[in-house]
Amino acid sequence: MDILAEILRDSNYALTFFDPSEILALKECVTFREVRGIQKPYVVCLIRDKEILLKPEEVIRQLYLSKLINQHKYPQNRITVEHPVSFGRETKSADIVIFDKDHPTVEYIIVELKKPKLQDGKSQHEGKSLKTIIQDMENEVLANVGVDVFEEVFKLIFTKLYDEIKSQKDKEIINYFLNSKNLSQVADLKTKHPYRVN
């Protein structure tokens, strides 16, 4: 019986990202303990150094930890799991955190294992306003330490619109000057430019 395949059977997790040697090493470390009359798979966590029940997300976490330690050579003393991190306005436990080598209390890399049953792409945003989508991004992805992403994106959109209006006025001023000197005018922004993809 392939114990990892059995654990992952009812989930959408896959092992395709991991080397066969990493998968085999994890399989060889699995032990079983009886819990309320049922044999449950456990493994000693590479970071916590204690037995952890092997649920689907834990299988993936242990394989990622193995990859980070063995393939990417991050020292175990710089890695922690279930570490509280600010994601927007919320504090959540990050699945894996690697701390900066020069600043050991500063998160250097945050690994959040994607829940396999989340919808992907456009379908998860259907029927949502732009503000809601941005707030979802803020809450799920960005650890922005108190910055309101919607306000920041609004500033970018406003700046872009302002820049387009201002550049149109600048073009008119430049054309007026060039026209007075009998020189070629700046091309209209809507006409094709050989280096611009329209």
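The values are calculated or read from the model by the stated rules, or taken from the named source; none is laboratory data. Quick caveat: nothing in here was measured; it's all calculated off a predicted structure. Heads up, the Cβs are rebuilt from the backbone with ideal geometry, glycines too, and the neighbour counts pull from every protein chain shown.
Note on the range 45-104: among residues that are of a type in the set (Asp, Glu) and either touching a Ser or Thr at 6+ places or on another chain (Cβ under 6 Å) or loosely packed, with under 12 Cβ neighbours inside 10 Å (or both), the one that is nearest to THR16 (Cα to Cα) is GLU82.
Can we say ILE7 is over 30 Å from PRO104 (Cβ atoms) and in contact (Cβ under 8 Å) with a residue 24 or more places away in the chain?
Values: over 30 Å from PRO104 (Cβ atoms): yes; in contact (Cβ under 8 Å) with a residue 24 or more places away in the chain: yes.
When the stated conditions are applied, ILE7 passes them.
Filtering the range 30-68 to residues that are under 20 Å from the mean Cα position of the chain (by Cα) and among the aliphatic types (A, V, I, L, M) leaves VAL59, ILE60, LEU63, LEU65, LEU68.
Pairing each residue of the range 35-53 that is farther than 15 Å from LEU63 by Cβ with any residue that is among the charged types (D, E, K, R) and at pLDDT below 95, provided the two are 6+ apart or on different chains, yields C-beta distances under 7 Å for LYS40/ARG33; TYR42/ARG33; TYR42/GLU51; LEU53/LYS40. Of the candidates ARG61, ARG36, ARG9, ARG48, the single residue that is more than 24 Å from GLU112 (Cβ to Cβ) and either among the aromatic types (Phe, Trp, Tyr) or modelled with pLDDT under 95 (or both) is ARG36.
The residue pairs whose first member lies in the range 97-116 and is over 19 Å from ARG48 (Cβ atoms) and in a loop (DSSP other than H, G, I, E, B), whose second member is small (Gly, Ala, Ser) and modelled with pLDDT under 85, and whose beta carbons are closer than 7 Å, counting only pairs six or more residues apart or on different chains, are PRO116/SER11. Remark: pairs (first residue in the range 159-181, among the polar types (S, T, N, Q); second residue modelled with pLDDT under 75; Cβ separation under 9 Å; 6+ apart in sequence or on different chains) = SER167/LEU189; GLN168/LEU189; ASN175/GLN185; ASN175/VAL186; ASN179/GLN185. Taking the numbered list (1) closer than 18 Å to ILE3 by Cβ; (2) out of contact with any helix residue (DSSP H, G or I) (no Cβ under 7 Å at 6 or more places or on another chain); (3) part of a strand (DSSP E or B) in turn, THR80 passes all entries but (1). Filter the range 156-194 for residues that are surrounded by 10 or more Cβ atoms within 10 Å (Cβ to Cβ) and hydroxyl-bearing (Ser, Thr, Tyr); which is modelled with the lowest pLDDT? Residue satisfying both the conditions and the ranking: TYR162. Just checking, does the range 33-40 include any residue being out of contact with any helix residue (DSSP H, G or I) (no Cβ under 7 Å at 6 or more places or on another chain) and in a loop (DSSP other than H, G, I, E, B)? Looking for residues that are out of contact with any helix residue (DSSP H, G or I) (no Cβ under 7 Å at 6 or more places or on another chain) and in a loop (DSSP other than H, G, I, E, B), one finds at least one in the range 33-40, hence yes.
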